[in-house]
1. Kindly indicate which of Thr111, Thr88 is over 28 Å from Asp24 (Cβ atoms), of a type outside the set (Asp, Glu), part of a loop (DSSP other than H, G, I, E, B) and at pLDDT 80 or above.
2. Taking the stretch 72-87, which residues are exposed (fewer than 13 other Cβ atoms within 10 Å of the Cβ) and closer than 12 Å to Leu49 by Cα?
3. If you go through the stretch 18-56 one residue at a time, how many are assigned to a helix (DSSP H, G or I), exposed (fewer than 14 other Cβ atoms within 10 Å of the Cβ), at pLDDT below 85 and not aliphatic (A, V, I, L, M)?
Amino acid sequence: MLKISKENLEKYTEPLDLDKMIMDGLKTQEDINDWINITVEEYLEDNDLEHFFYCLGMAEKAKNLLNANSKKTNVSKIDIHKILNGETQPQFNTVMKIFKELGYSLQPHATA
């Protein structure tokens, strides 16, 4: 799970580099899995699509999959970059392709 200790915080200088802090916490597959699960849970609560794609982008960077995902999904690297940076809103099937190539699937379940 993503852990930020006092020692880790001390190595960051102003301005605080949130991306670097996140990447430092996403070292193992378990870290990335936890990150993705939290990302989906947060999206289901707040519907913040921009934040959702930001978090998926961080997972993609941690897995270093941009080139591979571009080829497997038939979505250009530029388009994937725009999606993950919130510059464009993709179609649902594009989101699912990216999600699948990150190694995840969506499983619907009843909430009430």
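The values are calculated or read from the model by the stated rules, or taken from the named source; none is laboratory data. Everything numeric here is computed off the predicted structure, so don't read it as measured data. Counting neighbours? That spans all protein chains shown, and the Cβs are built from the backbone with ideal geometry, glycine included.
1. Thr88
2. Within the stretch 72-87, Asn85, Glu87 qualify.
3. Residues flagged as assigned to a helix (DSSP H, G or I), exposed (fewer than 14 other Cβ atoms within 10 Å of the Cβ), at pLDDT below 85 and not aliphatic (A, V, I, L, M) within the stretch 18-56 amount to 4.
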